[in-house]
Amino acid sequence: MTTFVDRVELHVAAGNGGHGCASVHREKFKPLGGPDGGNGGRGGDVILVVDQSVTTLLDYHHSPHRKATNGQPGAGDNRSGKDGQDLVLPVPDGTVILDKDGNILADLVGQGTTFVAGQGGRGGLGNAALASARRKAPGFALLGEPGEARDVVMELKTVADVALVGYPSAGKSSLISVLSAAKPKIADYPFTTLVPNLGVVTAGSTVYTIADVPGLIPGASQGKGLGLEFLRHVERCSVLVHVLDTATLESDRDPVSDLDVIEDELRQYGGLDDRPRIVVLNKIDIPDGQDLADMIRPDLEARGYRVLQASAVARTGLKELSFALAEIVAEARAAKPVEEATRIVIRPKAVDDSGFTVVREEESLFRVRGEKPERWVRQTDFSNDEAVGYLADRLNRLGVEEQLMKAGARAGDGVAIGPEDNAVVFDWEPTVMAGAEMLGRRGEDHRLDTPRPAAQRRKDRDAERDDPQREYDEFHPF
């Protein structure tokens, strides 16, 4: 059964925002007390966070669909809806987030590093928040926005200081088992290691991590064997260690040709030319292995490699190897630039930036794209004429109508707001009459102009009392 997964496709969906509420305050002797509809709650975000206790993406391999909770709708009496709860997903250190096209969205390295994979939708405003001096009692509320839904690819790149690379059965797992407390599977057949193993090594005052990468073979950079699947795990390492088998039983192989093959695969994979190399001639506990190591060592040193000899079985050469790796790791850490606090960069929009574009796509079709117009359309309840009138007002104030005129739009032309696959299309008429005007001035409600019953009765009594004809009839009954 698979216990290690380092690449998954995750389908995330943030929570939808709650709808605003359209409500009028009512109580005894006060039937129309003004708008009191509350706002909808915000939808929950989907957040990826680095957790050092997580070492695999296995959970997301079995459950790739994740969704945050929705915000609750608003209610009367100015009660706002509850915000949706954020969905926090722990991922291993070194996880890279990519989109479907392979573009890197985030590189999550370091405990607590976060990335918002899905943004929750905004809650809609209730009619109490939409009221103004001109719009005293809105008979509508804004809808909540849908949460962001998208597919992302997560790739795990092991965060280690040292990477052991080499042919299958070269003895990498044996070395990491004696250098650290790691307990990898060890056997005398190829591809024993099917997942990267990670161990912690202490050499003097230096503590570093060492990774055993599954065996590479010719063609690994093109996907042959396990190479392409695990080559990504060497990208973050400070030093590469070539583990060469000096006691191989295959007649067509020798340590030097093995080194050339692995170097060629690393070169084709790319991005690793600047990493320092160390060559370890392994299995010198075997007599033929020691003789072969002594024979090829001068040739390898002539190429510029630092060559060490070791045996995991006899436990010889391990201390020298451990301190040599610690020295290179310490130098790499010292040369690494000091991390500075993240600078907050503010990029204000230009004064003349309208925030939207109007493009003529056909003879009689114009498309409007922009964050504000598209968001306003999503928040509009098109079954409510007053809400449509409010949208028309907002678009007009933003300058959409003016830009349509400049682009050559005429009455009756089609106007689409939004992308091609999800747009609202309507026939454009300058100064749109959406039906809300039937209520009086746009946004006002004539119902509030109706006096309250008790007040009306008092006015009727006062009028009757002040009527001259009534006084004359009282004093002249005949």
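The values are calculated or read from the model by the stated rules, or taken from the named source; none is laboratory data. Not measured: the values here are computed from a predicted model. Backbone-built Cβ (ideal geometry, glycine too); neighbour counts: all protein chains shown. Please note that ligands, DNA and RNA were not included when accessible areas were found on the heavy atoms of the full protein model with its side chains. Shrake-Rupley method; radii C 1.70, N 1.55, O 1.52, S 1.80 Å.
Quick look at the values:
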quantity	calculated
Peptides 299-309, 159-169 ordered by average Cβ neighbours within 10 Å, highest first	159-169, 299-309
Prolate/oblate/rounded call for the range 267-332, Cα gyration tensor, a/c under 1.5 rounded	oblate
Packing-based ranking, highest mean first, of 204-210, 408-414 given that Cβ atoms within 10 Å are counted	204-210, 408-414
Efficiency of FRET between ARG7 and GLU363 - r from beta-carbon atoms, R0 51 angstrom, step 0.05	0.60
Spin-label pair VAL109/LYS372, simplified geometry with 7 Å Cα→Cβ offset, distance in nm	4.1
Heavy-atom accessible surface of the range 15-91: percent carbon and sulfur, 1.4 Å	49
Protection proxy ranking, peptides 355-365, 74-84, average beta carbon neighbours within 10 Å, highest first	74-84, 355-365
Rounded if a/c under 1.5, otherwise prolate or oblate - the range 51-163, Cα gyration tensor axes	prolate
R0 of 45 Å, Cβ-Cβ distance LEU58-SER383: FRET efficiency to nearest 0.05	0.45
ASP51 versus ASP299: modelled label distance in nm, points set 7 Å from Cα along the beta carbon direction	5.1
Hull shadow area, averaged, the range 12-52 [alpha-carbon convex hull, nm²]	4.5
Probe 1.4 Å, protein heavy atoms only - accessible area per residue of the range 50-130 in square angstrom	52
Whole-angstrom gap from the range 378-403 to the range 265-338, using each part's C-alpha centre	69
Fraction of accessible area attributable to carbon and sulfur, the range 230-297 (%, probe 1.4 Å)	48
